[in-house]
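The values are calculated or read from the model by the stated rules, or taken from the named source; none is laboratory data. What you are looking at is a predicted structure, and each value in this text was computed from that prediction instead of being measured. Methodologically, a virtual Cβ is constructed for each residue, glycine included, from the backbone with ideal geometry; neighbour enumeration extends over all protein chains shown.
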Amino acid sequence: MTETFTIAQLSDPHLSSLDNVRARDLLSKRVLGYLSWRLNRRAKYRPEILAELVRDLKSQQPDHTVVTGDLTHIGLPQEFQEAKDWLDALGMPSEVTIIPGNHDAYVEADWDSTLALWIPYMGSDIAGVAGGCERQACFPSLRVRDSVAFIGLSTAHPSAPFLATGSIGHSQLQALERVLVETGERRLFRIILLHHPPIPGTVPWRKQLTDHASFRSVVARCGAELVLHGHAHCTSIRQIVAQGRIVPAIGVPAASARSHHPDRGAQYHLYRLTRQVSTWSIQLSVRGYSPAEQRFMELGTPIALEQSLNFA
């Protein structure tokens, strides 16, 4: 019997408008982010492109959609509400899984008026996996859809001005190891979601995941089938070796980016998983925005990411 499951990945939509920002809201690192938005980012990250992406994505009818962080610009409460409204339009919480990015933890902020608004899309749907959903205790999250396990991590922490680093931390890594083992024993297709790239060299040092080596060690010991990330704002296909197999680690450009550079314009990815008895295969399709035609279209031909995965 053949089983198929299609996942859409988008990242870094930076979708908020930053309308009516008060001066007192900017008495922190946020002032730098606000100036960056005023001088550069508001022209680059366009709501009309993001709206067209959502329209095109829905026409593809994926079984599940993941958003790998940076829904906001500078982490203001009003941005989290805007993002929540956008998520509600994107799909039901059962259809959409998100994780936070560094822009969503720009500075220390009140939990209830920020990330807590996203719990329906962010928290585990299996009781006890992450010990509730209060701040970092949300992660790792575990959401199982058919034979696919979405395992969410948070790398989002406030950082010093001009830095955009992230970290997973010892507690999350310990819990990740347990979740990977348990879901592996259930023969689920394990997809790890994190914002920062887990492979060194993907982004400059000031934007890197500080404990990337520890993360890869956990994956090498416990295995996984796919790792999806954002943050780099470009197409990235790298690899992690785990238990004698190759685990693809894939990043996608910013979902709302206006660019004529083929690897940096707005894109989203479709991963078609096909299972026949105990064997899975992965096919990647890339859909990107054409500034000339003002719509999304398939870029190139679908890619077989790796040889089939055998869970016998």
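Values computed for the structure shown
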item	result
Filtered residue count, segment 120-134, keeping only those that are in contact with a helix residue (DSSP H, G or I) (Cβ under 7 Å, 6 or more places away or on another chain) and either within 24 Å of Q208 (Cβ to Cβ) or at pLDDT 90 or above (or both)	3
Pair list, Cβ < 9 Å and 6+ apart or interchain, from segment 9-33 residues that are at pLDDT below 80 and among the β-branched types (V, I, T) to residues that are part of a loop (DSSP other than H, G, I, E, B) and crowded, with 18+ Cβ neighbours inside 10 Å	V21/I74; V21/L76
Long-range neighbours under 7 Å by Cβ, at least six apart or interchain, first residue under 19 Å from R216 (Cβ atoms) and without any contact (Cβ under 8 Å) to a residue 12 or more places away in the chain within segment 156-173, second among the β-branched types (V, I, T) and part of a loop (DSSP other than H, G, I, E, B)	none
Condition met for A213 (over 18 Å from the mean Cα position of the chain (by Cα), of a type in the set (A, V, I, L, M) and either assigned to a helix (DSSP H, G or I) or closer than 30 Å to L32 by Cα (or both))	yes
Members of segment 88-111 that are part of a loop (DSSP other than H, G, I, E, B) and closer than 29 Å to R24 by Cβ	P100, G101, Y106, V107, E108, A109, D110, W111
Whichever residue in segment 152-173 is more than 20 Å from the chain's Cα centre (by Cα) and not in a loop (DSSP other than H, G, I, E, B) and, among such residues, is surrounded by the most Cβ atoms within 10 Å (Cβ to Cβ)	S171
Exclusive hit being part of a loop (DSSP other than H, G, I, E, B), under 30 Å from Y289 (Cβ atoms) and in contact (Cβ under 8 Å) with a residue 40 or more places away in the chain, set P198, P248	P198
Residue within segment 174-186 that is surrounded by 20 or more Cβ atoms within 10 Å (Cβ to Cβ) and either hydroxyl-bearing (S, T, Y) or within 21 Å of A8 (Cα to Cα) (or both) present	yes
Hey, A137 modelled with pLDDT under 85, over 16 Å from S16 (Cα atoms) and touching a Gly at 6+ places or on another chain (Cβ under 6 Å) or not	yes
Selection count where residues are of a type in the set (A, V, I, L, M) and loosely packed, with under 13 Cβ neighbours inside 10 Å, scope segment 258-279	1
Identity of the residue in segment 233-253, under 22 Å from Y268 (Cβ atoms) and of a type in the set (V, I, T), that ends up surrounded by the most Cβ atoms within 10 Å (Cβ to Cβ)	V252
Residue within segment 62-73 that is touching a residue at least 60 places away in the same chain (Cβ under 8 Å), surrounded by 15 or more Cβ atoms within 10 Å (Cβ to Cβ), at positive phi and not basic (K, R) present	yes
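Each row is one residue, and each column tells you yes or no for (1) within 30 Å of P47 (Cα to Cα); (2) of a type in the set (D, E, K, R).
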| residue | (1), (2) |
| --- | --- |
| V218 | no, no |
| I240 | no, no |
| I246 | no, no |
| D263 | yes, yes |
| Y271 | yes, no |
| Q276 | no, no |
| R287 | yes, yes |
| E293 | yes, yes |
| L299 | yes, no |
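Matching residues to (1) over 19 Å from the mean Cα position of the chain (by Cα); (2) aromatic (F, W, Y); (3) surrounded by fewer than 20 Cβ atoms within 10 Å (Cβ to Cβ); (4) not in a helix (DSSP H, G or I):
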residue: T4; (1), (2), (3), (4): yes, no, yes, yes
residue: P13; (1), (2), (3), (4): no, no, no, yes
residue: S17; (1), (2), (3), (4): yes, no, yes, yes
residue: N20; (1), (2), (3), (4): yes, no, yes, yes
residue: R24; (1), (2), (3), (4): yes, no, yes, no
residue: S28; (1), (2), (3), (4): yes, no, yes, yes
residue: L53; (1), (2), (3), (4): no, no, no, no
residue: D56; (1), (2), (3), (4): no, no, yes, no
